[in-house]
Amino acid sequence: MNVKTSKGRYKEYRVKGGRIIRLGLDSSDEISIAKTYYMKNMEMPSHDHVGKEVMGVISGKIVITGFGDGEKILKKYDVIIIPKGLVHSVKALADSWIWNIVMPGDIDFPNGVD
C-alpha cells in the first residue's frame with residue numbers, strides 16, 4: 001500500500017493477529033489527528049498515553065479493555081474518550097477504520113509497538 005498524506009506520514013505496524021496502518025493527517029504540540037486501519041483480529045498490546053485520546057469508529061467493530069466497568073465494544077459512529085494514563089488494549093473484531101485524536105499532540109504509538 002502506497003499512501004501519501006498531507007504530512008507524508010504513513011506507518012504500518014505488525015502486532016499480534018495482524019497489522020495496523022496509520023495515516024497521520026495533521027499534528028501539532030496541542031493535538032494530533034490520524035485515520036487508522038485495524039486488520040480483523042489484530043491485538044494492540046496494553047499501553048497508555050501521556051494525554052487523552054479520542055477514538056471514533058468510521059467502519060468496523062473494536063473492543064477496548066482497561067476500563068473499570070469492563071470492556072467497551074465500539075461500532076460504526078461510536079466515540080470514546082480514553083483518559084490520560086489509562087492502561088488499555090484494543091482488539092479489532094472486524095476490519096476497522098478509526099479516527100484517533102490525541103491531546104497533547106503525539107501521533108506515534110507507544111514504545112514496543114513496531
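A few remarks follow.
- Among residues of segment 8-24 that are closer than 12 Å to P45 by Cβ, those with a beta-carbon under 8 Å from a residue that is polar (S, T, N, Q) and at pLDDT 80 or above at least six positions away or on a different chain give the pairs G17/N41; I20/T36.
- When the residues of segment 35-80 are filtered to those that are in a loop (DSSP other than H, G, I, E, B) and of a type in the set (D, E), the one that is surrounded by the fewest Cβ atoms within 10 Å (Cβ to Cβ) is D69.
- Summed over segment 81-107, the residues that are under 16 Å from Y38 (Cβ atoms), free of Cβ contacts under 8 Å to residues at least 40 places away in the same chain and surrounded by fewer than 16 Cβ atoms within 10 Å (Cβ to Cβ) give a count of 0.
- Consider segment 6-34 and keep the residues that are outside any strand (DSSP E or B), at pLDDT 80 or above and of a type outside the set (A, V, I, L, M, F, W, C). The one that is surrounded by the most Cβ atoms within 10 Å (Cβ to Cβ) is G17.
- Look at (1) in contact with a Leu (Cβ under 9 Å, 6 or more places away or on another chain); (2) more than 20 Å from Y10 (Cα to Cα) and you find that G51 fails only one, number (1).
The values are calculated or read from the model by the stated rules, or taken from the named source; none is laboratory data. Not measured: the values here are computed from a predicted model. Cβ: placed from backbone, ideal geometry, glycine included. Neighbour counts: every protein chain shown.
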